Structure formats: structure tokens, C-alpha cells
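One structure is given here, and the rest of the page talks about it.
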Amino acid sequence: MSAPNWLCAYAITRNRPAELDLDPAPRLIGYRDLGVVVAEVEPARFDGLDSLEPVDGTLAELAREHDAVVRAVFRHEPVLPLRFGTVLDGEGSVRRLLEVAYDQARDCLDEVEGHREWGVRVRYAEPAATTRPDAAGLTGTQYLVRRRERLKAIQQTREQVFRTATRLEDVLREHATDSAERARPHGVLVNTAYLVATGREAAFHAEVEWFARELRAAGATVETTGPWPPYSFTDLELGAAAHG
Amino acid sequence: MTRLAGSSDSLADILERVLDKGVVIAGDIGISVVDVELLTLRIRLFIASAQTAREMGMDWWTNDPFFAPNAARAELEEKTDLAARVADLEARLLEAVPSRQEEPR
């Protein structure tokens, strides 16, 4: 039995060869009008992930590489990014994947075509309610009055930020074809990915800007990331439906 | 390796998408994926990178049902809720107090 020819698969796309600005250039394995972008890989490259330094180690390198290939394809064609670390044993397997999952993959590709993903994150670090006013020179009553005013102000700001963030999400959803909420670590009010048609991006960003001003005034920050290939909108298990 | 033309998006954002999202291949369609490694890859990545990632503020998986079913989010909500209640009770208490005579500091 000969050693398999391991192929790292990055994305499913149209079966149209494009010049990718990458070295070494990945190649396209086609089946009908779909193709998978692959590159030869030593599975051993993934072995080092046990003891990695995430910031500048193997994981960072491989993840950036994966992202770079997906993006390079995405500059020319719609893509369905494959999960990081998808390694197949040769061209036959890649073709078979497209054969089995053809309809599923093509439908999903049609859905995301003409769209890009944008991430919107609202952070709000509330002033600690436990900090106390400087008591020097104050009577007990004055101290308590100040303390109460401060707590009230904190609460009003919090309510305002929450309301504005909720409105932001509602409005952005109207401009997006789809949205996906992502995990919110502490201090993050909104962490949502939006799938936006390229024709609506200007309106989408105008809304983000408008709300960002309002949120900034209340002490929150708004970050956007993107454009991304539609990573958050291709939660698909290829082949599963075909057997369902 | 070659520096790939990248984006300005942070590593945390890239990892969050690349490791956690994207199309997966069903195990039962007879295509040989490097499965033993891949099956555990996500978990191994998580364990290996958790410490430094947390230091970078990338603790998105603490709310990820895959890693922490129910736990993290519930805890967060509980904390936020408690903080709000404490502030509220404190405010009410303070409203009651100033009616008393000025007291020595």
C-alpha cells in the first residue's frame, strides 16, 4: 500500500481556476461546477499543536495560513470555508466529497454568494459600583447622598447602553441577510457576525457608525472586524443530510 | 514560511472563526479524513492554548456549549444580576439613612 497523498482542504468554491497570490499556490480539484481548494500537507505539521504557543506558534501560523488561503480564493469567488485541519487522503477523496455532497454544497454556496461577513462587537466596562466617593471633608449625610447619586448615574448609563446596543442589533439585522450571535465574554454586550450583501454594506456601516457615536458617548466601545469570508454562516455538515 | 498577505483582523478573531466555524465532513460518508487527530484536535487546541489565550482576553469558549455546557453563561448572568441587586439594595438603604441626624464622621 503506497503512502497516501494527504491534502489539506481549505474551501469549497466554484470550479473556475483563479490566480491565487500565494506561494506555494494551492490547487483546485473540480467536480462539475464546484471545486475544492487543496494543498499537499504533511499531517505531521499538525502534531506540534500539543505544545503550542498560541500567539506566535504553530497554531497561529497554521490558522493564519488557513485564513489566508480562504481569503485569497474569496477575493475571486464565493467560498464555503472548511473547518481548520480538514485533511483528506488524496484527490479521489476530494472528488468523492463533492460528488456525495454536491447539492448541499452548491445550495449553501449560492446562499452566501455576493455576501461578506462583518463582525460587530460592543464592549462596555461598567464603572465599578463598589468604588466609593472620597469621604474627606464630607459629613456622613453628604457622603451618602453622593454615593447614592453615583449609583444612580451608573445604573442609568447601564440602561442606556443596553437599550442602544439592542437597537443597534435590531437595525443591523435589517441590513443583513443573516446574523449569528457569538459567545460574549465578560464585558462584551454584543458579539454578532452579520452576513451582508455587498450592495448593502454602505448602509450597514453607516448604521454602525451612527450607533457607535451614541455608544461611545455613554462609555461603550464598538469594534467592527471584516470583511470576512462567510465563516460564521457555513455551519454545515457535508454528507450528513445525504444519509438522513 | 512565507508571510501570507493577511488582514488587520486580530489573531483572536481569526482563531475564533477558523477553529470554530466552517464546513465539516460527516464521518460516515466513507471519505478518509485524518480522523484520529482531527477528532481530538479541537480539544487539544483548547487545552494547549487556553492559558495564553485567556491572558489575551480571548476566552470565547468559556461560553461555548461545546466546552462548558450551561456553566459559564449562567454564572455570568448570575453575577451581573447580583451586582445589580446589590447596587439597588444599597441605593434603597441609602435613601433611608439621610433622614437621620448628621452623624460624626
In region A:1-14, what residues are at pLDDT 95 or above and either polar (S, T, N, Q) or in contact with an Asp or Glu (Cβ under 8 Å, 6 or more places away or on another chain) (or both)?
A:13, A:14
Look through region A:70-121, keep the residues that are under 30 Å from residue A:216 (Cα atoms) and not aliphatic (A, V, I, L, M), and return whichever of them is farthest from the other protein chains (Cβ to nearest Cβ).
A:115
Quickly run through region A:11-29 and pick out the residues that are of a type outside the set (D, E, K, R) and within 12 Å of chain B (Cβ to nearest Cβ).
A:11, A:12, A:13, A:20, A:22, A:24, A:25, A:26
For region A:214-241, enumerate the residues that are more than 30 Å from residue A:88 (Cα to Cα) and under 15 Å from the mean Cα position of the chain (by Cα).
A:223, A:224, A:225
Sort out which residues of region A:159-187 are within 27 Å of the chain's Cα centre (by Cα), charged (D, E, K, R) and at pLDDT 90 or above, and write them in order of number.
A:163, A:167, A:169, A:170, A:173, A:174, A:178, A:181
Report the residue count in region A:192-244 for those that are assigned to a strand (DSSP E or B), more than 30 Å from residue A:128 (Cβ to Cβ), within 14 Å of chain B (Cβ to nearest Cβ) and touching a residue at least 40 places away in the same chain (Cβ under 8 Å).
7
Being modelled with pLDDT of 90 or more and either surrounded by 23 or more Cβ atoms within 10 Å (Cβ to Cβ) or closer than 23 Å to residue B:17 by Cα (or both) is true for just one of A:37, A:55, A:87, A:41. Which residue is that?
A:37
Filter region A:172-187 for residues that are assigned to a helix (DSSP H, G or I) and surrounded by fewer than 16 Cβ atoms within 10 Å (Cβ to Cβ); which is farthest from the other protein chains (Cβ to nearest Cβ)?
A:174
Of the residues in region A:188-200, those that are surrounded by 18 or more Cβ atoms within 10 Å (Cβ to Cβ) and among the charged types (D, E, K, R) come to none
Can you work out which of the residues in region A:122-151 that are of a type in the set (Val, Ile, Thr) and surrounded by fewer than 17 Cβ atoms within 10 Å (Cβ to Cβ) is farthest from the other protein chains (Cβ to nearest Cβ)?
A:131
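The values are calculated or read from the model by the stated rules, or taken from the named source; none is laboratory data. Computed from a predicted model, the values in this text were never measured in an experiment. All Cβ positions, glycine included, derive from the backbone under ideal geometry; neighbour counts span all protein chains shown.
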